[in-house]
Amino acid sequence: MHKLTELNEWHTLTQHYQDIGQIPMRTWFQNDPHRFSQFTAEACGLFLDYSRHRITKQTLTHLHNLTQAVNLKSKIESLFTGECVNHTENRPALHTALRNQTAPPLYFKGCNISAMISDSLAKMSEFTIHLQTGQWKGATGKAMTHVVNIGIGGSSLGAQLGTQALKKYSVSPLQIDFITGVDPTELVTLLTKIPPETTLFLISSKSFSTLETLTNANTLRNWLKDQLGDIDLSPHFIATTANPEKALAYGIKETHIFPIWDWVGGRYSIWSAVGLPLMLLIGPAHFKAFLRGAHEMDEHFKTAPFNRNLPMLLALLSIWYIHFFNTHAEALIPYSQCLRYLVPYLQQASMESLGKTVSLNGEPLSYASGSVLLGEEGCEGQHSYHQLLHQGSQIIPVDFILPMNDNSSYKHHHELLLASCLSQAEALMKGKTPEEAYEHLIQTHLTKDAAQKLAPHYATPGNRPSNILLIKQLSPYHLGALIALYEHKIFVQSAIWNINAFDQFGVELGKQLLPGILNDIQSNKAPINQDGTATSALINMIKHHWNTL
Ligand code: F6P
């Protein structure tokens with residue numbers, strides 16, 4: 001395969017950028033009353049307005065040609081048919097199979113994985129009913145009232161996102177909490193909330209070896225022993241893992257283990273038993289609607305033409321800015337408190353997938369891959385970092401995500417939320433020229449001299465791109481479609497960049513160094529230098545501080 005930046009299609013895009021890259025979008029909007037309708041697309045109840053971009057119809061054609069030059073279609077096919085797309089770990093990435101409830105059987109290494117998936121879903125559903133109806137009893141015979149998910153990263157973020165976003169769809173009185181990291185503050189807060197006799201702990205870890213997760217599991221198990229005494233605590237512990245041997249060795253009963261598999265990446269696992277906390281909240285029927293939304297987005301991704309294909313559009317627009325406008329960051333701004341975990345969820349999905357420096361065949365990339373994803377719920381963000389979006393020296397393309405909520409109560413709040421989102425997008429696009437700023441200042445009765453001095457500070461560059469993604473209703477179906485949309489955006493980017501979106505060896509390095517450093521912290525001997533003197537110096541400083549307490 002040709003190197004990306006050596007392709008003719010790439011050169012065409014470079015030239016095209018020279019031709020149109022600096023034209024103000026304002027002009028296009030002024031000259032073309034139909035611009036909005038030409039740059040919109042819709043699927044699965046998600047409506048994308050991508051008219052506020054520095055693109056013309058021609059840009060889309062060139063970007064489409066690029067997808068053809070890199071054989072994107074066949075790469076998509078490889079993803080869905082279970083080819084070894086994660087070649088460094090010799091695995092497919094079959095998260096799409098998890099949400100396909102109607103497919104003909106799919107086989108991997110001789111196993112009917114469709115059957116494994118539906119068995120797991122049935123086991124999850126049965127367990128959910130048992131728990132919700134109080135048939136699952138704790139060690140002292142009482143029904144469970146609380147569930148604590150012990151997990152981190154992909155073994156927590158999706159369930160946190162889902163349970164926050166879909167509270168309205170709760171069919172369960174169960175109280176669901178999460179514990180992720182090892183900061184004892186999190187633990188102490190949790191312990192004030194959970195009743196020992198009626199709390200179920202769900203250890204969610206694909207590897208069953210993540211230090212934070214096992215540390216929390218051990219501490220909580222010891223806490224429960226202290227609280228309930230020397231009785232059989234097994235009804236209080238279940239696990240979701242791809243490493244059942246380790247879970248068994250840990251003392252989890254075989255029947256209490258829910259499977260995931262090595263062909264599902266951690267950050268793509270919310271569709272599996274890793275999504276159990278979500279099913280416990282919203283029930284099996286809503287969980288299936290969540291899967292259906294994602295599956296229908298999969299179908300859209302596979303079949304929709306380029307200029308109506310939501311994942312492809314998001315991916316290619318992102319690539320357009322990263323490479324030709326030299327952007328380094330993107331913002332994701334949900335105007336919804338319900339979606340506040342969407343940003344951390346997609347930070348992992350995007351940055352763990354795309355943070356790579358070599359191509360599939362191990363050669364260093366000669367172009368950027370990935371970008372920083374930042375974001376925050378819209379109203380909050382407007383009063384903090386949006387300044388950088390409006391007047392900072394770099395362009396940061398934005399995705400505004402706006403659920404079209406039922407506005408029958410607190411109507412004014414809904415109107416304000418909508419106005420906030422739209423005015424941010426418009427301000428980014430229009431900006432304010434120095435002349436407009438000057439005029440504005442004169443109207444506030446400043447002298448000409450003062451207005452002239454202040455105008456450059458009030459001027460706002462504008463011409464800053466954004467998408468607006470409207471969600472018909474924040475339901476299980478639409479949340480499923482939304483997450484799958486971004487998963488596929490990430491896949492398309494990885495396919496264009498010719499990188500593996502499914503491994504994450506970088507994060508492993510920190511994990512490998514940790515035991516040595518922990519040993520230095522716990523030992524009475526002087527620390528062994530790990531990286532010159534900085535690490536040892538800090539360890540000594542903190543140990544000294546602890547000794548003075
Ligand atoms: O440290 C990164 C990571 O490996 C993620 O990819 C994963 O989602 C998370 O840790 C948790 O891993 P596990 O599910 O194996 O505990």
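The values are calculated or read from the model by the stated rules, or taken from the named source; none is laboratory data. Model, not experiment: these values are computed from the prediction. Methodologically, a virtual Cβ is constructed for each residue, glycine included, from the backbone with ideal geometry; neighbour enumeration extends over all protein chains shown. Surface accessibility is based on the protein's heavy atoms, side chains included, excluding ligands, DNA and RNA. Shrake-Rupley method; radii C 1.70, N 1.55, O 1.52, S 1.80 Å.
The figures follow:
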item	result
Antiparallel bridge percentage (DSSP; both residues within the chain; nearest 5)	30
Solvent-accessible surface (1.4 angstrom probe) belonging to HIS545, in square angstrom, nearest 10	100
Built amide H within the under 5 Å cut-off of GLU376, gap 5+	LEU332
Residue order for HIS300, HIS87 - accessible surface, 1.4 angstrom probe, largest first	HIS87, HIS300
Carbon plus sulfur fraction of accessible area for the chain, probe 1.4 Å, in percent	55
Average Cα contact separation per residue, the chain, under 8 Å, 6 or more apart, as relative contact order %	19
The chain - Debye-derived log10 I(q)/I(0), Cα point model, q = 0.07, 0.10, 0.12 Å⁻¹	-0.47, -0.92, -1.23
Cross-link pairs beyond the 20 Å C-alpha cut-off, checked among LYS73/LYS288; LYS73/LYS206; LYS109/LYS302; LYS193/LYS225	LYS73/LYS288; LYS73/LYS206; LYS109/LYS302
Heavy atoms of THR14 accessible to a 1.4 Å probe, total area in Å² rounded to 10	50
By average C-beta atoms within 10 angstrom, highest first, the peptides 494-504, 74-84	494-504, 74-84
Cβ-based net charge around LEU4, under 14 Å, with every Lys or Arg adding one and every Asp or Glu removing one	0
Largest-first ordering by accessible area, 1.4 Å probe, given options SER409, SER371	SER409, SER371
Cut-off under 5 Å, modelled amide H: who pairs with ALA143 long-range	GLY138
Integer Hz, Karplus 6.51/-1.76/1.60 couplings in order for the stretch 20-34, x for Gly and Pro	10, x, 9, 5, x, 4, 3, 4, 4, 5, 5, 7, 10, x, 9
Environment charge at CYS84 (Cβ cut-off 13 Å; Lys +1, Arg +1, Asp -1, Glu -1)	-1
Neighbour net charge for SER207 - beta-carbon separation under 15 angstrom, K R +1, D E -1	-2
Sequence-distant residues sharing a close amide H with VAL358 (under 5 Å, placed H)	LEU365
Rel. contact order, % - alpha carbon contacts under 8 angstrom, at least six apart, the stretch 1-138	14
The stretch 134-163 versus the stretch 281-347: alpha-carbon centroid distance in Å	27
Ranked order, GLU245, GLU212 - accessible area, probe 1.4 Å, largest first	GLU245, GLU212
HN-Hα J in Hz across the stretch 136-149 - Karplus 6.51, -1.76, 1.60, θ = phi - 60°, x for Gly and Pro	8, 10, x, 4, 9, x, 9, 5, 6, 10, 10, 10, 10, 8
Heavy atoms of PHE258: accessible area, 1.4 Å probe, square angstrom to 10	0
